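Here is the structure we will look at, set down as structure tokens.
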């Protein structure tokens, strides 16, 4: 698993990977934060595809993940996952967040995506504490990669310096993570 996880600081909408993960809301119709940024960068094709998915599936449940094309993004696909809203940690938030990461990784594996980029799911307007969310993300990704050949590379894309430093600090417990700044 050596160096299959990389932590970078940058803009997820600029990542040239097979798939980027969108921290979506359950409607799949765009919103604020990373979800809004991905929809703006991808253009109208992504919203049209999300509307079709929402109409046929009724949206996306918390912890689940769905796949679309990437519109104008440099990635080939977008994996939309819905993380939990933080309610103090006593309503299954940790399991739901782990599920959001695991289901996204499973979609990547099923589609044989070699490279996948994740944002820090649920840590924005959903209010999940960054340190707890980062620990769940790293643990879930490491466990998944130990059992699967795909994805071959997972990028954890931190938008801000605080998140980047936090992920780097938590990842120092293992030598399977590298870090750098990349726009």
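The values are calculated or read from the model by the stated rules, or taken from the named source; none is laboratory data. Since we're looking at a predicted model, the values are computed, not measured. Neighbour counts run over all protein chains shown; Cβ positions are idealised from the backbone, glycine included.
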Item to check | Unmet requirement for residue 67, which otherwise passes all of (1) surrounded by fewer than 22 Cβ atoms within 10 Å (Cβ to Cβ); (2) in contact (Cβ under 8 Å) with a residue 24 or more places away in the chain; (3) within 26 Å of residue 127 (Cβ to Cβ) | outcome: (3)
Checklist entry - Taking region 73-85, which residues are closer than 14 Å to residue 20 by Cβ, without any contact (Cβ under 8 Å) to a residue 60 or more places away in the chain and not in a loop (DSSP other than H, G, I, E, B)? => result 77, 78, 80
Checklist entry - Any idea which of (1) surrounded by fewer than 20 Cβ atoms within 10 Å (Cβ to Cβ); (2) over 13 Å from the mean Cα position of the chain (by Cα); (3) part of a helix (DSSP H, G or I) is the one residue 46 doesn't satisfy? => result (1)
Checklist entry - Within region 123-132, restricting attention to residues that are closer than 17 Å to residue 63 by Cα and touching a helix residue (DSSP H, G or I) at 6+ places or on another chain (Cβ under 6 Å), which residue is surrounded by the fewest Cβ atoms within 10 Å (Cβ to Cβ)? => result 125
Checklist entry - Of all the residues that make up region 17-26, how many are surrounded by fewer than 18 Cβ atoms within 10 Å (Cβ to Cβ) and either touching a residue at least 60 places away in the same chain (Cβ under 8 Å) or more than 30 Å from residue 166 (Cα to Cα) (or both)? => result 0
Next on the checklist: Yes or no: region 159-181 includes at least one residue that is surrounded by 15 or more Cβ atoms within 10 Å (Cβ to Cβ), touching a helix residue (DSSP H, G or I) at 6+ places or on another chain (Cβ under 8 Å), modelled with pLDDT of 90 or more and not in a helix (DSSP H, G or I).
Outcome noted: yes
Checklist outcome for this item: Filtering region 73-101 down to residues that are farther than 19 Å from residue 34 by Cα and either touching a helix residue (DSSP H, G or I) at 6+ places or on another chain (Cβ under 8 Å) or crowded, with 24+ Cβ neighbours inside 10 Å (or both) yields 87, 89, 93, 94
Item to check | Any chance residue 30 is part of a loop (DSSP other than H, G, I, E, B), over 18 Å from residue 107 (Cα atoms) and at pLDDT below 95 | outcome: yes
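Yes or no, residue by residue, for (1) in contact with a strand residue (DSSP E or B) (Cβ under 6 Å, 6 or more places away or on another chain); (2) modelled with pLDDT under 95; (3) within 20 Å of residue 170 (Cα to Cα):
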| position | (1), (2), (3) |
| --- | --- |
| 63 | no, no, no |
| 71 | no, no, no |
| 76 | no, no, no |
| 84 | yes, no, no |
| 97 | no, no, yes |
| 108 | yes, no, no |
| 114 | no, no, no |
| 118 | yes, no, yes |
| 124 | no, yes, yes |
Next on the checklist: Could you go through region 63-72 and let me know if any residue there is touching a helix residue (DSSP H, G or I) at 6+ places or on another chain (Cβ under 8 Å), outside any helix (DSSP H, G or I) and more than 24 Å from residue 11 (Cα to Cα).
Outcome noted: no
Checklist entry - Mind checking whether some residue in region 113-121 is surrounded by fewer than 17 Cβ atoms within 10 Å (Cβ to Cβ) and either part of a helix (DSSP H, G or I) or touching a helix residue (DSSP H, G or I) at 6+ places or on another chain (Cβ under 8 Å) (or both)? => result no
